[in-house]
1. In the Gaussian network model of the chain, springs joining C-alpha atoms below 10 Å, which of Gln126, Gln200, Gln175 carries the largest mean-square fluctuation?
2. Can you give the local net charge around Gly197? Use residues other than it whose beta-carbon is closer than 10 angstrom to its beta-carbon, Lys and Arg +1, Asp and Glu -1.
3. Rounded to whole Hz and in sequence order, give me ³J(HN,Hα) for the range 289-298 from the Karplus expression 6.51 cos²θ - 1.76 cosθ + 1.60, θ = phi - 60°, writing x for Gly and Pro.
4. Using label points projected 7 Å from each Cα along Cα→Cβ, tell me how many nm separate Ser199 and Arg130, to one decimal.
5. Relative contact order (percent) for the chain, with alpha-carbon contacts under 8 angstrom and 6 or more residues of separation?
6. For every helix of n ≥ 4 consecutive DSSP H residues, a contribution of -39,500 (n - 2.57) applies; sum these over the chain, divide by its total residues, and give [θ] at 222 nm rounded to the nearest 500 deg cm²/dmol.
7. When the chain is treated as a GNM, springs tying every alpha-carbon pair under 10 Å, which of Asn35, Asn243, Asn176 comes out with the largest mean-square fluctuation?
8. Which whole-number percent gives the relative contact order of the range 45-198, counting Cα pairs below 8 Å spaced six or more residues apart?
Amino acid sequence: MKQICSLILFLLFGAQSQKLSAQNPVGNDPETFVNVDSDGVILKGYDAVAFFIESKPVKGKKSISSTYKEAIYNFSTQENKKLFDENPERYKVHFGGWCAYAVSLGRIAPITIETWSIVDGSLVIQHNQRAVKGWEKDPLGNLKKANLYWPKVASNNGKQIKTNEEKAFLNNIIQNDLILQGYDAVAYVNENRATKGDSQFKARYQGANYWFKNETNLNLFKDNPSMFAPEYGGFCGYAMSRNKLRPIDPNLFQIIDGRLILQHSQKAYKLFNQDLDGNIKKADKFWPKKVRKKAGKKVKFDSPANSK
């Protein structure tokens, strides 16, 4: 009887489970991890070849299409389709049609067609004008990084990977690389207030994830992250003035000459401010050396700093 019930359950749900697994694969192939719509069309239906020969976005036609590596490419003319079919690797959109700049940072993002460019013979599209600005700082260098990280990004289902660049930074982070214990960095600086952020509004900077209370603060941070990021990687400022790494109380902070500095305890806050300028100079001196020594490694907090 048990075997009959198991067989019935498999017949009822087995095929559905297999279908769900196919729709949500774990460890994607970079050749087929593509940004397509519900009809399987890539590039939002725009003609990939037109970017090369007409130097502008041209909408393709459903009636003129080719399938290449799990994506349907639409074309505006039969001539463009023929060119593509003869050499799809030349005309395909790179990185599966995801934002190229995002891939160079170790993740995926959607695209805006108007942000297209051709770099070293590769068609790439960006997410928005902010991504264009970041990409254009070093197009060839960013293309090289995107090519390097793309296989890992695809196999991680587009979720953030730790890039080589991020390994050079030292941050006081908790689970999921969250810094400031989820408090809003912009609210600290602009409002002089400790405010809990929302995971709905998040950004990544120098290997750490930041949360914000609203989209306004999120965009302010994205436009100028160095203005709002905490000093000393979000570790206790007083401890750093003693060449130590200590956790923080997110409610104990100061904005000093535009710099966000947090402390571990009321005692640390008091001691830090007994010689504010001197302690900042000491912390600034110790921090670069601490980064060189600890970056890319699992952080273990030091014993409490004393007043000496």
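The values are calculated or read from the model by the stated rules, or taken from the named source; none is laboratory data. On a predicted model such as this, the values are computed, not experimentally measured, just so you know. Every residue, glycine among them, receives a Cβ derived from its backbone with ideal geometry; neighbour counts consider all protein chains shown. Remember, those area values only see protein heavy atoms, side chains included, never the ligands or the DNA or RNA. Shrake-Rupley method; radii C 1.70, N 1.55, O 1.52, S 1.80 Å.
1. Gln175
2. Details: positive: Lys196, Lys202, Lys213; negative: Asp184, Asp198.
Computed value for this residue: +1.
3. 5, 5, 5, 4, 7, 10, 4, x, 10, 5
4. In this crude spin-label approximation the distance works out to 2.0 nm.
5. On the way: 541 pairs, mean separation 34.9, N = 308.
RCO, the chain: 11 percent.
6. Values: 14 runs with 119 residues, N = 308.
Taken over the chain, the calculation gives -10500 deg cm²/dmol.
7. Among Asn35, Asn243, Asn176, the largest GNM mean-square fluctuation belongs to Asn176.
8. Values: 235 pairs, mean separation 23.3, N = 154.
In percent, rounded to a whole number, it is 15.
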